[in-house]
Every structure is written in structure tokens, then in C-alpha cells.
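Enquirer: Provided herewith is a single structure, encoded as C-alpha cells, for subsequent inquiry.
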Amino acid sequence: MPLNAVPLNRFHNRALAAPRVRGLLRLLAIGIPAVILAVGCAQERAPEHYRFFALGTEIELTVVERGRNDPGYVADYIHRRLQVMEEAWHPDGNGELARLNRRLAAGESMEVSPELASLLERGQSLETASEGLFNPAIGGLVRLWGFVTDTTRPRSPPDEEAVRAKTASSPRMADLVIDGTRIGAANPAVEINLGGYAKGYAAAHALDQLREAGIEAAVFNLGGDLVTLGRPDGPRGRLWRIGVRDPRSGEVVASIQVDGGSAVFTSGDYERGFEHDGEFYHHILDPRTGFPAGSVRSVTVVHDDPVLADAAATALFVAGEEGWEGLARRLGVEDVLIIGHRGNAWMTASMADRTMLEESITEAVIR
Amino acid sequence: MTEGRAESPVLSGAARTLVSRTDWVVIVAAAAAVTLSYPLLWSGSEGSGDATAAVIVNGEEHTRLPLREAAELTVEGALGPTVIRVEEGAARVVEDPGPQQLCVRVGEIRRPGQAAVCLPNRVVVEIRGDQSAYDAFNY
């Protein structure tokens, strides 16, 4: 047989026996498994979790798509920044805010950091927008109720007269005189407590850091209040599915879909408080009465401004069953879910579009 | 130059000229690689339908307790011991040093996404399962 002749097979088919075809078959034999392995590897990227404690709560950063960078470094940085905030804004001790409050009580003014000054200005405009239902200047009342210290002693509600007197002294953010970074107050009863919007501010800061670090998809969760970045399955993929959980039962009561850059904040009557004589006193005080606001169980707000989401959730909780609708409109908050004491729910139309309620909700009204 | 002179012992006749021994080595190796990679890459995180209770202490995952196995676990938190019990497909916190006992009062949790949070003691018990419907929880 000549050297260059190709042996014929049973089917008299020259093509299959040609070296080129065999080369192609070898390529497929290697190529197909290689593709399968590559796709398998891509599937396996599980979310990365970073957890730490700050601002009095457990904080969890879940990175679903890290992009080019290692999230560990930015997680660490955020952790440290939040610890600095916690120390600076703790109502007791020697942080900047505690020192400011002591000066204001003495009728004096003080220079503060630009960060605190701008937070106080924001607090003023939120108080105005919420018609006083959101009022960070009632730190004295919060202290009277014992919600300032993380005490483990059993507590009892304060004397009603004391509450009335403190409320009557009417401390308001509007009493603050803000001159650049110099803060004074026209009313010595003013005591600032940033609890109503500190988490919102921290969340916004964390989101900025994550974006700058090139993280592509993540959720930053501060003890239940969270912000999102990107989308879980890529920029053209689905939205985030957030389960709204009832702390009493541990059950998810609603499922909300949100896009990247969204804040989901909830104010509820079961977060902090104490029980006394069979009654539970929670920590969201109505600035008008000085007592815990009572008419609903929880308020969930979705908005792309985390500070507004945080403050609005509080203000709408205080507004309650009767006042929440009008207040939400005035605050410019379109996505609101309220759970009432009977397990019933109210929602805005925009929130209803992105929400699925679970069976435990007894009735739902869309406004 | 024609190649594939090493005859394949498996195939008969005409096919031998198509698939040489070298080719067989490649095919078998590739098939083995794909098969062995399956449990590593494709089988998902927790196997089929087995819910577990993840116990997280001070921000770090401490243990995963499968709900189908009765068990009792004590972990040391910031204030003292938290005792978690798994029985009859559910987990619950039976003891915790927290002043409000919120995580004890939650009672039994069994569905993925449910959790008992003992905040003062820095202990969280969270049910994990296959394909949890939620990316994150708000509360």
C-alpha cells in the first residue's frame, strides 16, 4: 500500500479516517469536558459572609459577586468606621455627641466634626418634613425610659409626671443653632440621640465604600435593616428577594423584591424594650406624648436613601394607623408596608407591586 | 505520515484505525475528570432537602445541626451559655442569659429563613435549607 494511502474502513468512507477528522475528535474529547468543568467552576461561587458587631447590633455583609477585589479589606474598613461612629455617638461617655449634649444642657455651644454637623442638619430637615414625629432631640426622654444603657436589670416604666414634664419641655431639632460646625441650642432640654437614623447613615456610608471597592453584588445588613448593591445574578438578572421577618414568631410575613441601591428598613415594637407587670414597653417613643407609640406593630420602608428610609420607618410608626398615609406622601416615601396588631397589613400601591404577603397576614389594604 | 499505529485492543476491525490507544487514554481521562468533578461542583451546598440549624456565635459560624437528628448544643456567648435543642425536625433556644428572653420566646423554628436571635449574648440560630427563597432578611 502506498504510504500516503488512507485505509478504507468497512463503510468505504475515507472521510472518517482522515487525520484531520481524528484531530477534531481528539479536540472534542478534551474540549467538551473542559467546557463542562469551566461552567461547573463558574456555578460554584458561593456568597461570602463577613460578620461583626457594631452600633449595638450584629452586622452582616454578604458578597454575592466580588468583582475584581477581595471584599475582606473593605469589610474590615467598614467595621472600623462603624466602631468609630458607635464611640463618637454613644449617648454616654466621652464621645463627641455625649460631650455636645453636656454642653447644650449647660447652655453652651461646641465645635463638632463636619460629619456630625451635617447629620444634625439632616436631622433638622427630617424633623420638619415629619412634622415632629421624627425627633432626635428627645434623648432626655429616651434616657428617662432607660433605653440609653444596655442594662440587663429588670426595669419599670418611669413616673408619669416625670415623662409629662420632660415632654412639656419640648426639645426639638429646630431648637439647634447650627453655624457651620458650631452647634448651640436655644433650649437646654435638647439632648440628641442619633438612634433613629444612625443605622441609615452607616448603611449609606457602607454602600459608598462597597461601590468604591468595586464590589458588584452584595447585601449589607445591620441587624435586620439592610441595603443592597447590584443584583444577585448579574446586572441583567433578577432582583433581590428580601424576606420580612416577624421577630416574635421567627416567620417571614412578606417577600419584597428590590433592585440594587435600595434600603429596606423596619421599625417595630419588638426590637428593644422591657416587660413590666405583664406589659411590654418598646423603645419607639411618640415625641408628642413621651410614651411608646402604640397603634401598629411594624413599619417597613423601601427607598434608595437609607437615612430617609430609617427616619421614615420611625416617623410612620409613630404616625400609626391614622396618619401614615399622608405622612408617607409628605416625606416622599412611596414604598411602605405596615403590619397591625391583628396581623393585618396596609401597603402603598407601589409596595404592593413588589410584595408577596404570606398566609399569616390576615387581611391587606392597599392605599 | 499516517499515525495511530498502536492498535486499540477494544474495538474491532475498521474502527481501530479511527480510535488509537492514545485517543482512548484521552477519552477515559476526560470522562473521569467530569465524573469526579460532579460532587465537587454540581451537587449544591447541602445535599437534598436536609434543613440545618446554623448556630452563629459572635459573628462566626460555630456549628450546623441537621434538623433530622435530635441534639442539644451549648455555646458560650458574650454573657454566658445559650442552649439550643433540636428535636422532631425543629430547633429552639431553650436557655439564654439575655434579659428579654426574646430568642427563647420565639420557640420552635424549622423553615429555611426562620431564626432565633439572642442579641445580647451574640448568638444566632438560623435555619438553612436548599434553595432558600430569600437573598436576605429584614426585621
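Enquirer: Residue-wise, which Karplus ³J(HN,Hα) couplings in Hz belong to segment A:51-62, taking 6.51 cos²θ - 1.76 cosθ + 1.60, θ = phi - 60°, and x for glycine or proline?
Expert: Per residue, the Karplus-derived 3J(HN,Hα) values read 10, 7, 10, 6, 6, x, 8, 7, 10, 10, 9, 10 Hz.
Enquirer: A further question follows. Using the Kirkwood formula on the Cα atoms of chain A, what hydrodynamic radius do you get, in angstrom to one decimal?
Expert: It is 23.4 Å.
Enquirer: Can you list the HN-Hα couplings for segment A:76-84, worked out from phi with the Karplus curve (6.51, -1.76, 1.60; θ = phi - 60°), rounded to whole Hz and with x for Gly and Pro?
Expert: Computed from phi, the couplings for segment A:76-84 are 4, 4, 4, 4, 5, 4, 5, 5, 5 Hz.
Enquirer: Can you work out the FRET efficiency for the pair A:Val35 and A:His341, with r the C-beta to C-beta distance and R0 = 56 Å, to the nearest 0.05?
Expert: Here the calculated transfer efficiency is 0.45.
Enquirer: Chain pair A, B: how much accessible area is buried, both chains summed, with a 1.4 Å probe, in Å² to 100?
Expert: Separately minus together, A and B give about 4300 Å² buried.
Enquirer: Between A:Glu322 and A:Arg238, what is the FRET efficiency for a Förster distance of 35 Å, r being their Cβ-Cβ separation, to the nearest 0.05?
Expert: Given R0 = 35 Å and the Cβ-Cβ separation, E is 0.40.
Enquirer: Once amide H atoms are placed 1.01 Å from N in the peptide plane, what residues at a sequence separation of 5 or more from B:Asp50, or on another chain, have their amide H within under 5 Å of its amide H?
Expert: B:Asp130
Enquirer: Write down the accessible area per residue of the protein assembly as shown in Å², having rolled a 1.4 Å probe over the full set of protein chains.
Expert: Here the residues of the protein assembly as shown average 49 Å² of exposed surface.
Enquirer: Return the average number of partner chain Cβ atoms within 10 angstrom of each residue Cβ along peptide A:242-248.
Expert: 6
Enquirer: Here's another thing I want to ask about it. Please state the charge dipole magnitude for segment A:193-320, taken about the Cα centre, from unit charges on C-beta atoms (+1 on K and R, -1 on D and E), reported in debye and rounded to the nearest 20.
Expert: That gives segment A:193-320 a dipole magnitude of about 320 debye.
Enquirer: Quick check on chain A: helices-only [θ] at 222 nm, where DSSP H runs of length 4 and up contribute -39,500 (n - 2.57) each and the sum goes over total residues. Nearest 500, please.
Expert: When only DSSP H runs of four or more count, the value is -12000 deg cm²/dmol.
Enquirer: While we're here: Kindly write out, for segment A:323-328 in residue order, the coupling ³J(HN,Hα) from the Karplus curve 6.51 cos²θ - 1.76 cosθ + 1.60 (θ = phi - 60°), rounded to whole Hz, with x marking Gly and Pro.
Expert: Along segment A:323-328, the couplings run x, 5, 4, x, 5, 4 Hz.
Enquirer: If you don't mind, another one. Describe numerically, in nm with one decimal, the distance between label points set 7 Å from Cα along Cα→Cβ at A:Asp353 and at A:Glu111.
Expert: 5.0
Enquirer: Hey, another quick one. Give me a single rounded figure for A:46-56: the average over its residues of other chain Cβ atoms within 10 Å of their Cβ.
Expert: 2
Enquirer: At 7 Å along the Cα-to-beta-carbon direction for both B:Glu60 and A:Glu279, put a label point, then send me their distance in nm to one decimal.
Expert: 4.5
The values are calculated or read from the model by the stated rules, or taken from the named source; none is laboratory data. Because the structure is a prediction, the values reported are computed rather than measured. Note that each Cβ is placed from the backbone with ideal geometry, even for glycine, and that neighbours are counted across all protein chains shown. Just the protein is used for accessible areas: all its heavy atoms, side chains included, with ligands, DNA and RNA removed. Shrake-Rupley method; radii C 1.70, N 1.55, O 1.52, S 1.80 Å.
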